[in-house]
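Student: Can you read through this structure? Questions will come right after.
The values are calculated or read from the model by the stated rules, or taken from the named source; none is laboratory data. Only a predicted model underlies this, so the values are computations on that prediction, with no experimental measurement involved. With ideal geometry, Cβ positions are generated from the backbone for all residues, glycine too; neighbour counts draw on all protein chains shown.
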Amino acid sequence: MEFKGFRAVNGVALQVKRGTIHALIGPNGAGKTTCFNLLTKFLTPTAGTIRYNGRDITRMKPADVARLGLVRSFQISAVFPHLTVKENVRIALQRRKRGDSFDFWRSETVLRQLNDEALALVEAVGLTSFSDIPAVELSYGRKRALEIATTLALEPEMLLLDEPMAGMGHEDVDRTAALIRRVSQNRTILMVEHNLSVVASLSDRITVLARGQVLAEGDYATVSKDPRVIEAYIGAGHG
Amino acid sequence: MAHSAAAADAAPIATTGLPESRDARALHRRVFIGIAVMLVVLPFVLYPVFLMKVLCFALFALAFNLLLGYGGLLSFGHAAYFGMASYLCAYAAKTWGVTPEIAVVIGTVTAALLGLVFGALAIRRQGIYFSMITLALAQMVFFFSLQAKFTGGEDGIQAVPRGHLFGVISLADDRVLYVLVAVIFFAGLALIYRIIHSPFGQVLKAIRDNEPRAISLGYRANQYKLAVFVLSATLAGLAGSTKAIVFQLASLTDVHWSMSGEVVLMTLVGGMGTVFGPILGAFVIIAMENYLAQFGAWVTIIQGVVFVVCVLLFREGIVGLFARLLKKPL
């Protein structure tokens with residue numbers, strides 16, 4: 001990927017195996033989020049191909065990639081602030097169950113049949129008592145939890161989580177880690193995360209990026225001992 | 001309903017926001033009844049022609065607000081749909097001699113087609129660029145209207161016959177015409193209310209709130225934006241066509257950029273993103289124009305002051321302010 005001559009991500013041959021939790025780590029500016037944007041088609045690569053389930057998705061539109069079951073979360077919490085918590089989850093269910101909703105002549109009461117399922121998901125992330133308040137009023141950690149519930153409502157085959165723990169307190173981190181582990185059953189997860197203890201405990205495989213290139217790949221034990229990785233992190237001012 | 005039990009234990013914070021609820025629906029039903037009663041009573045108090053003008057512009061503002069308040073798209077060129085519909089309706093009624101309801105349909109369809117073409121171009125850009133494209137296209141429509149033969153140039157299309165509704169009922173009497181205009185207005189309002197509160201409306205609000213997220217959930221945001229753009233243009237066209245029949249006139253004023261500005265003003269004064277705000281906004285602005293006419297050019301200045309005061313004191317508009325005080329969406 002090139003931005004006006006600057007190669008943000010170059011020659012990253014990333015392979016994520018079905019059914020695993022794969023972590024993408026690296027110092028700031030390494031190209032992690034760019035990778036995400038490329039995979040979910042929010043950016044179009046200058047060169048190279050992206051395959052998902054053996055299918056070339058390099059030229060697809062972002063909404064269509066999502067429809068294939070490859071769903072992302074965002075670094076800054078992505079909720080619909082003026083919809084209630086329940087409606088946030090329901091909007092995802094609406095897409096999965098009804099496909100497109102161009103029926104402007106029908107009353108929204110037809111969406112009530114999705115309420116039970118939406119509330120079950122809201123409960124799964126511990127937000128039941130907030131289900132009827134607008135998402136804008138949730139605390140940061142709860143917004144992240146809502147975002148995960150919304151993403152799960154699509155029953156994605158593959159989840160891309162962009163720093164799911166960013167800005168979370170200790171309790172929230174543990175709760176979210178448990179949630180990610182729980183939803184990883186039968187799913188493939190690729191996540192960007194700075195919290196290394198989370199990465200260590202959750203992921204099956206780790207790819208370290210630095211300056212837009214793969215520095216090392218393997219499980220936590222292998223990667224954490226790699227001298228180049230240690231150098232990249234200390235060199236960039238990280239512990 | 002499944003969520004009523006959950007709503008009960010959500011009590012601690014549940015009252016601070018404006019979520020759609022059963023409560024709100026009951027309130028909206030009362031507002032609808034109130035509007036219906038007003039539509040019946042007001043012609044005995046105020047001049048029917050003045051009321052019809054208010055209703056046409058209220059429908060125009062409602063259509064505009066559908067796009068701005070619920071689609072999050074600020075169009076600076078809505079006069080194009082209002083005005084072109086007005087021209088085509090007037091032309092059809094006068095030159096082709098069709099009955100008024102057919103003329104209104106012709107005008108409305110024109111606005112829909114124009115909205116489809118202009119919308120498809122404009123939604124490719126966001127924010128101020130979107131607004132600028134809509135303005136530029138509307139300016140092209142203005143110059144077209146100035147140059148084209150059928151619009152009558154500076155004169156416009158005058159002495160448009162009101163004709164006979166369905167070829168039977170004469171609309172020459174203002175009171176008879178008022179009934180028709182009131183019915184069109186009320187049907188338009190009901191349709192817009194339904195659009196906002198439909199599965200489509202839910203997706204629209206989601207896109208307005210956070211477009212990238214809506215896309216990441218698999219919604220093709222541009223198709224929804226185009227759909228609401230066409231709906232808004234169509235309803236603006238319905239308002240413009242009706243206006244042409246009421247005043248028996250279609251002129252350059254209807255396609256002028258200041259008309260686009262006026263509808264923004266009405267919507268903001270009444271309350272952007274509230275269902276009923278644009279009606280009140282249109283009433284306030286039209287009433288000022290009518291009753292302050294003796295001040296001549298000062299009307300514009302007075303309107304400007306009202307607008308500034310409105311934005312400074314209650315940014316959410318008059319109805320938006322009420323909604324906040326009632327803690328319910330209006």
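Yes/no per residue for (1) more than 7 Å from chain B (Cβ to nearest Cβ); (2) surrounded by fewer than 20 Cβ atoms within 10 Å (Cβ to Cβ):
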site	(1), (2)
A:66	no, no
A:69	yes, yes
A:86	no, no
A:91	no, no
A:104	no, no
A:112	no, yes
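Student: On to the next question. Residue A:193 fails exactly one of the following numbered conditions: (1) modelled with pLDDT of 85 or more; (2) among the acidic types (Asp, Glu); (3) surrounded by fewer than 20 Cβ atoms within 10 Å (Cβ to Cβ). What is the number of that condition?
Tutor: If we test residue A:193 against (1) modelled with pLDDT of 85 or more; (2) among the acidic types (Asp, Glu); (3) surrounded by fewer than 20 Cβ atoms within 10 Å (Cβ to Cβ), just (3) comes out false.
Student: Further, regarding this structure: So how many residues does the stretch B:275-302 have that are without any contact (Cβ under 8 Å) to a residue 40 or more places away in the chain, among the aliphatic types (A, V, I, L, M) and surrounded by 13 or more Cβ atoms within 10 Å (Cβ to Cβ)?
Tutor: 6
Student: Anything in the stretch B:281-302 that is of a type in the set (A, V, I, L, M, F, W, C), touching a Phe, Trp or Tyr at 6+ places or on another chain (Cβ under 9 Å), in a helix (DSSP H, G or I) and more than 15 Å from residue B:258 (Cα to Cα)? List them, or say none.
Tutor: B:283, B:287, B:302
Student: Another question, then. Is one or more of the residues making up the stretch A:126-140 in contact with a Pro (Cβ under 7 Å, 6 or more places away or on another chain), more than 7 Å from chain B (Cβ to nearest Cβ), of a type outside the set (Lys, Arg) and more than 18 Å from residue A:182 (Cα to Cα)?
Tutor: Yes: the stretch A:126-140 contains one or more residues that are in contact with a Pro (Cβ under 7 Å, 6 or more places away or on another chain), more than 7 Å from chain B (Cβ to nearest Cβ), of a type outside the set (Lys, Arg) and more than 18 Å from residue A:182 (Cα to Cα).
Student: Now, a different point. When both residues are 6+ apart or on different chains and their Cβ atoms are under 8 Å apart, which pairs have a first residue that lies in the stretch A:71-86 and is over 23 Å from residue B:196 (Cβ atoms), and a second that is part of a loop (DSSP other than H, G, I, E, B) and among the charged types (D, E, K, R)?
Tutor: Filtered contacts from the stretch A:71-86: A:75/A:163.
Student: Let me ask another. Output the residue which, of all residues in the stretch B:186-207 that are more than 22 Å from residue A:112 (Cα to Cα) and of a type outside the set (A, V, I, L, M), is nearest to the other protein chains (Cβ to nearest Cβ).
Tutor: So, considering only residues that are more than 22 Å from residue A:112 (Cα to Cα) and of a type outside the set (A, V, I, L, M), the one nearest to the other protein chains (Cβ to nearest Cβ) is B:188.
Student: If you check B:171, B:235, which single one turns out to be surrounded by 18 or more Cβ atoms within 10 Å (Cβ to Cβ), of a type in the set (A, V, I, L, M) and at pLDDT 95 or above?
Tutor: Criteria check complete, one pass: B:235.
Student: Looking at B:228, B:183, can you tell me which residue is under 13 Å from residue A:104 (Cα atoms) and more than 8 Å from every other protein chain (Cβ to nearest Cβ)?
Tutor: Of the residues listed, the single one that is under 13 Å from residue A:104 (Cα atoms) and more than 8 Å from every other protein chain (Cβ to nearest Cβ) is B:228.
Student: How many residues, within the stretch B:161-186, are on the phi > 0 side of the Ramachandran plot and among the charged types (D, E, K, R)?
Tutor: Residues flagged as on the phi > 0 side of the Ramachandran plot and among the charged types (D, E, K, R) within the stretch B:161-186 amount to 0.
Student: Can you tell me which residue among A:38, A:24, A:14, A:43 is in a strand (DSSP E or B), within 18 Å of the chain's Cα centre (by Cα), more than 9 Å from chain B (Cβ to nearest Cβ) and of a type in the set (A, V, I, L, M)?
Tutor: Exactly one residue qualifies, and that residue is A:24.
Student: Which helices (runs of 4 or more DSSP H) sit wholly inside the stretch B:1-100 and have at least 1 residues that are crowded, with 20+ Cβ neighbours inside 10 Å and at pLDDT 95 or above? It would help to see each step written out before you state the result.
Tutor: On the way: elements: B:4-9, B:11-14, B:22-41, B:48-65, B:79-91.
The qualifying helices (runs of 4 or more DSSP H) are B:48-65, B:79-91.
Student: To continue, here is another question. Step by step: first the residues of the stretch A:93-102, then only those that are touching a Phe, Trp or Tyr at 6+ places or on another chain (Cβ under 7 Å) and either free of Cβ contacts under 8 Å to residues at least 12 places away in the same chain or aromatic (Phe, Trp, Tyr) (or both), then the one that is nearest to the other protein chains (Cβ to nearest Cβ). Which residue is that?
Tutor: A:101
Student: Could you tell me whether any residue of the stretch B:267-277 is more than 22 Å from residue B:193 (Cα to Cα) and not in a helix (DSSP H, G or I)?
Tutor: no
Student: Ok, one more. What residue, among those in the stretch B:190-218 that are among the polar types (S, T, N, Q) and outside any loop (DSSP other than H, G, I, E, B), is modelled with the highest pLDDT?
Tutor: Once the filter is applied, the top-ranked residue is B:202.
Student: Is it fair to say residue B:305 is modelled with pLDDT of 85 or more and either under 26 Å from residue B:196 (Cα atoms) or buried (at least 16 other Cβ atoms within 10 Å of the Cβ) (or both)?
Tutor: The answer is no for residue B:305.
Student: Within the stretch A:133-145, can you find the residues that are crowded, with 24+ Cβ neighbours inside 10 Å and modelled with pLDDT under 90?
Tutor: Within the stretch A:133-145, A:144, A:145 qualify.
Student: Shifting gears a bit: Any idea which of (1) of a type outside the set (D, E, K, R); (2) touching a residue at least 40 places away in the same chain (Cβ under 8 Å); (3) within 8 Å of chain B (Cβ to nearest Cβ) is the one residue A:62 doesn't satisfy?
Tutor: (2)
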